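The values are calculated or read from the model by the stated rules, or taken from the named source; none is laboratory data. Worth saying up front: this structure is predicted, and the values here are computed from it rather than measured. Cβ sites come from the backbone with ideal geometry, for glycine too, and all protein chains shown count toward neighbours.
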Amino acid sequence: MPRVAYVNGRYESLADAAVNVEDRGYQFADGIYEVCLLVDGRFWDEDGHFDRMERSLSELSMSMPMSRPALKAVIAALLRKNRLKNALVYVQVTRGVAARNHAFPPDGTVPSIVITAKPYNLAANEALASRGVGVLTMSDQRWARVDIKTVSLLPNCLAKQAAREAGAFEAWLVRDGKVTEGASSNAWIVNGKGELITHPLGHEILGGITRQTAIRCAEEMQMKVVERAFTVAEAQRAHEAFITAATLLVMPVVSIDGRPVGSGKPGPVAQRLREAYLRRCSEIAGERPRAIA
Ligand code: PDD
C-alpha cells in the first residue's frame, strides 16, 4: 500500500515527508488540526469540520491556508494517491517556519500545511461498538482554551497513555469534580429519565463535530439532550455512557474506573444514537459528490 502525504504543495512518500525543524508547529505547537472521516470517498460532517478549522485558525489570528474547494481537491487527490475510499484524514496548519522567537513571525510568513490519510476500518469500529469500551477518570491537566483544536496535545497523550496502561480505552478528564471530555472524544451519560447529558460548549471542551451531529440526531428522535457538566459519581450511577469522535463515531462506554455502567453492556440509547448517526452521515454524504470516485 503506497502511503503518500501532502506537505506544503507537494505529494511525497510518507516515509520521506518532513517539515523544517524551525516550523512553529514543531517548536511551539503553534498550529491547529482537524481529523475527518471519509466513507466511500465522501466526507462525513464536512461543513462542521471545515467550519471548526476556520474557527480554530481565527482564534490563533490565522486564516485558511487555501480555499475550501482547493483543500477538498487536495484531499481527494491524496485519497486517490493512497488508493483509499474509507479514510481518516488529518489536516494540520501551523504558523510556518521562522527563527525561534515566541512572538509571531513577520507578516507574510507562509503557513505550513500537512495532510495525511490512513485507512479507516468501519467493520472494526462496529465490532468495538458491539462490545463497548472502558474509561478511566483522571485530572484534566490541560490549558484553559481546549475549545481550540491546537496540536498542543501533550496532556491528552499522557492521559490516554495512563488509561491504556490501566487497561482502559479512553481517559475521562475531570476538572472541579466534573467530567469535561475524553482525551480525544466527548463524554456523555444517559440518566434514569433517559436524558442524554454532555458537558456544555465553552472553553473547557473541544466542540466535537460528532457531538454536534449526535445532538441533532438525538433531538430528531425526540431524545432529550441536556448540555450540563456531570460528576464522576453521577456517571457511575448512570444507566448508560458513551463517547463521540470522528474516529469512533458513537461508541458505548461499558465501564468507568473498572465499574460497570448500567448493565455493563452497550446500552440501547447509545446503540440507537449510533445507528442514527451512521444513517444521517451516509445520507448527507450521499447527497454530495464523492471527493474520490
Ligand atoms: N479528536 N475532544 C477532544 C479533546 C478531541 O481530541 C476530539 C477529537 C473530540 C471529538 O471531536 P470530533 O467529534 O470533532 O472528532 C473531542 C480527534 C479525533 C483526534 O485528535 O484524533
- [ ] Any chance you could count how many residues in segment 123-147 are within 30 Å of Gly41 (Cβ to Cβ) and within 16 Å of the chain's Cα centre (by Cα)?
- [x] 1
Open item on the list: Kindly evaluate Ile215 against the criterion of being crowded, with 22+ Cβ neighbours inside 10 Å and either at pLDDT 95 or above or outside any loop (DSSP other than H, G, I, E, B) (or both).
Closed with: no
TODO: Please work out if Ser67 is of a type outside the set (Val, Ile, Thr), over 24 Å from Val21 (Cα atoms) and out of contact with any strand residue (DSSP E or B) (no Cβ under 6 Å at 6 or more places or on another chain).
DONE: yes
TODO: Could you check Gly208 against (1) more than 16 Å from the chain's Cα centre (by Cα); (2) surrounded by 22 or more Cβ atoms within 10 Å (Cβ to Cβ) and say which number it fails?
DONE: (1)
TODO: Run Ala276 past the list (1) touching a residue at least 40 places away in the same chain (Cβ under 8 Å); (2) surrounded by 20 or more Cβ atoms within 10 Å (Cβ to Cβ); (3) closer than 30 Å to Val89 by Cα and report the number of the one that doesn't hold.
DONE: (2)
- [ ] Scan the strands (runs of 3 or more DSSP E) fully inside segment 97-212 and keep the ones with 2 or more residues being at pLDDT below 95 and within 13 Å of the ligand (Cβ to nearest atom).
- [x] none
TODO: Mind telling me which of the residues Trp188, Trp172 ends up being buried (at least 20 other Cβ atoms within 10 Å of the Cβ) and either farther than 16 Å from Leu249 by Cβ or out of contact with any Phe, Trp or Tyr (no Cβ under 6 Å at 6 or more places or on another chain) (or both)?
DONE: Trp172
TODO: Name every residue in segment 218-230 that is in contact with a helix residue (DSSP H, G or I) (Cβ under 9 Å, 6 or more places away or on another chain), outside any helix (DSSP H, G or I) and touching a residue at least 40 places away in the same chain (Cβ under 8 Å), in order of residue number.
DONE: Met221, Met223
Task: Yes/no for Val226 being away from the ligand (no atom under 13 Å from the Cβ), modelled with pLDDT of 95 or more, under 20 Å from Glu181 (Cβ atoms) and not charged (D, E, K, R) - done: yes
- [ ] Please find, within segment 231-246, the residue that is nearest to the ligand (Cβ to nearest atom) out of those that are in a strand (DSSP E or B) and among the hydrophobic types (A, V, I, L, M, F, W, C).
- [x] Ala245
TODO: Would you tally the residues in segment 29-79 being polar (S, T, N, Q) and touching a residue at least 12 places away in the same chain (Cβ under 8 Å)?
DONE: 2
Open item on the list: Suppose we filter Val74, Val19, Val89 for residues that are among the β-branched types (Val, Ile, Thr), more than 16 Å from the ligand (Cβ to nearest atom) and under 25 Å from Ala245 (Cβ atoms); which single one remains?
Closed with: Val74
Open item on the list: Go through segment 22-51 and report how many residues are within 12 Å of the ligand (Cβ to nearest atom) and among the aliphatic types (A, V, I, L, M).
Closed with: 3
